[in-house]
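Novice: I'd like to ask some things about the structure below.
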Amino acid sequence: MAPKVAIACQGGGSHAAFAAGVLLELLSQDNRSRFELAGISGTSGGAICAALAWFGLVHGGPAEAIARLSGFWETLKADTLPDIWANFLGVTLADQPWTMELSPYFVPAPAELIMRSWLEDELDLRQLPNPLPPQPALLIGATDVLSGERAVFTGSQLSYDVLIASAAVPFLYEAVKVNGSYFWDGLFSVNPPVRELIDLDIDELWIVQINPQRVDEVPRSTREIVDRRNELSGNLSLAQELHFVETINDLIARHGPLTNKEGRPYRYVTVRIVPSDLWDPADPDKFDYASKLNRAPWFIDELIARGRAAAPKFFSPDSLGQVRNLLPTEERVMR
């Protein structure tokens, strides 16, 4: 019997094309019958991938989900002369050994308008069925700028503003107003939403991890420090989410059935993680922080191909045990 699964996709700018590749492969004819998708979540680029897949599934099925995911990443590619130059300039500036951060409130940034136009090309939210089907559920993560709290939006709340809020990196976007509150990228607090997924009736939780947990050397250059700071921020929020899941699993194993605050029973959930492992020994800087802004067609295609190649690991023992790499161990508790 196919397991009931929830999929959670980390964000990471252009690197989220890896998550798109994973979803494209999982939804392919060869794999779609191997699991039952009960829910999908994401933050930033992962939120966009999750929303595109979810929209396609509830509107037309797996084939439409694949078409919308593929269409968005094709639209995003810098493949016209003005776009090629803009992409080159953006990546080059981000790759310098110094940072140049200007407030989007004083120097208008076009990121929000561009992202909105890309989303409108593939997501006509007027076409959402009413009422929505009970599954799969959709969860989108963002960070409330003023309260500092994690925010999770559901499929019934989906809007362009919600998706842009989830991806609103400070200095590239102004804070995005949704329902009277202001939001930044969910990277800081919920990357991606996981806790709510285990409220669903699922057997397994699958995590598409974009940011590496461990590195081999202490970062020293400005570029390396920015890169590592970003990775740590994204993985810290994921670790907090997974710690909750593992705590529930441990309590069930020790003491038997538990219920959530709504009175629904929790189930023991198997956690599987497939990391992106974005590394090229021939070019160690290929997947650095600046590359998260890279929209070159060859780069997006490579990330999608890597995601497709990694997706089958969710059906393998290789994806089990990865959660230990994200959670603190007794040996690391300073006494």
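The values are calculated or read from the model by the stated rules, or taken from the named source; none is laboratory data. Only a predicted model underlies this, so the values are computations on that prediction, with no experimental measurement involved. No Cβ is skipped: glycine too gets one built from the backbone with ideal geometry, and neighbour counts run over all protein chains shown. For accessibility, only protein heavy atoms count, side chains too; no ligands or nucleic acids. Shrake-Rupley method; radii C 1.70, N 1.55, O 1.52, S 1.80 Å.
Listed here are the residues, each with its yes/no results for (1) touching a residue at least 12 places away in the same chain (Cβ under 8 Å); (2) open to solvent by less than 10 Å² (accessible area, probe 1.4 Å); (3) not polar (S, T, N, Q).
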residue: 189; (1), (2), (3): yes, no, no
residue: 202; (1), (2), (3): yes, yes, yes
residue: 218; (1), (2), (3): no, no, yes
residue: 242; (1), (2), (3): yes, yes, yes
residue: 250; (1), (2), (3): no, no, yes
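A quick yes/no check of all residues on (1) part of a loop (DSSP other than H, G, I, E, B); (2) hydrophobic (A, V, I, L, M, F, W, C):
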{"residue": "107", "(1), (2)": "yes, yes"}
{"residue": "115", "(1), (2)": "no, yes"}
{"residue": "129", "(1), (2)": "yes, no"}
{"residue": "139", "(1), (2)": "no, yes"}
{"residue": "148", "(1), (2)": "yes, no"}
{"residue": "151", "(1), (2)": "no, yes"}
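Novice: Taking the options 218, 190, name whichever one is of a type in the set (A, V, I, L, M, F, W, C), in a loop (DSSP other than H, G, I, E, B) and over 25 Å from residue 138 (Cα atoms). Working first, answer last.
Specialist: Working: 190 fails: over 25 Å from residue 138 (Cα atoms).
Sole residue among the options that is of a type in the set (A, V, I, L, M, F, W, C), in a loop (DSSP other than H, G, I, E, B) and over 25 Å from residue 138 (Cα atoms): 218.
Novice: Out of the residues in the range 229-269 that are part of a helix (DSSP H, G or I) and among the β-branched types (Val, Ile, Thr), state the one that is nearest to residue 323 (Cα to Cα).
Specialist: Quick first cut of the range 229-269, residues part of a helix (DSSP H, G or I) only: 229-255.
Those left that are additionally among the β-branched types (Val, Ile, Thr): 245, 247-248, 252.
On the way: 245: 10, 247: 12, 248: 14, 252: 18 Å.
In this case the residue turns out to be 245.
Novice: Going by the structure shown, is residue 70 part of a helix (DSSP H, G or I), open to solvent by 10 Å² or more (accessible area, probe 1.4 Å) and modelled with pLDDT under 95?
Specialist: Values: part of a helix (DSSP H, G or I): yes; open to solvent by 10 Å² or more (accessible area, probe 1.4 Å): yes; modelled with pLDDT under 95: no.
No.
Novice: Could you list, in sequence order, the residues of the range 270-320 that are open to solvent by less than 70 Å² (accessible area, probe 1.4 Å), in a loop (DSSP other than H, G, I, E, B), in contact (Cβ under 8 Å) with a residue 12 or more places away in the chain and under 23 Å from residue 206 (Cβ atoms)?
Specialist: Matches in the range 270-320: 276, 278, 287.
Novice: Collect the residues in the range 116-174 that are over 30 Å from residue 106 (Cα atoms) and touching a strand residue (DSSP E or B) at 6+ places or on another chain (Cβ under 7 Å), keeping them in residue-number order. Can you show your working first?
Specialist: Of the residues in the range 116-174, the ones over 30 Å from residue 106 (Cα atoms) are 122-139, 154-157.
Within the range 116-174, 135, 136, 137, 138, 139, 154, 155 qualify.
Novice: Is it true that some residue in the range 32-46 is of a type in the set (A, V, I, L, M), modelled with pLDDT of 95 or more, assigned to a helix (DSSP H, G or I) and buried (at least 23 other Cβ atoms within 10 Å of the Cβ)?
Specialist: In the first step, residues of the range 32-46 are kept if they are of a type in the set (A, V, I, L, M); the result is 37-38, 40.
Among the residues that remain, those that are also modelled with pLDDT of 95 or more are: 37-38, 40.
Then drop every residue that is not assigned to a helix (DSSP H, G or I), which leaves none.
For the range 32-46, residues of a type in the set (A, V, I, L, M), modelled with pLDDT of 95 or more, assigned to a helix (DSSP H, G or I) and buried (at least 23 other Cβ atoms within 10 Å of the Cβ): absent.
Novice: Take the conditions open to solvent by less than 20 Å² (accessible area, probe 1.4 Å), out of contact with any Asp or Glu (no Cβ under 6 Å at 6 or more places or on another chain) and not in a helix (DSSP H, G or I) and apply them to residue 323. Does it pass?
Specialist: Details: open to solvent by less than 20 Å² (accessible area, probe 1.4 Å): yes; out of contact with any Asp or Glu (no Cβ under 6 Å at 6 or more places or on another chain): yes; not in a helix (DSSP H, G or I): no.
No, not satisfied.
Novice: How many residues are touching a residue at least 40 places away in the same chain (Cβ under 8 Å), within 17 Å of the chain's Cα centre (by Cα) and open to solvent by 20 Å² or more (accessible area, probe 1.4 Å) if we restrict to the range 140-157?
Specialist: Number satisfying all stated conditions: 2.
Novice: Which ones in the range 222-235 are in contact with a helix residue (DSSP H, G or I) (Cβ under 9 Å, 6 or more places away or on another chain) and farther than 10 Å from residue 289 by Cβ?
Specialist: Matches in the range 222-235: 233, 234.
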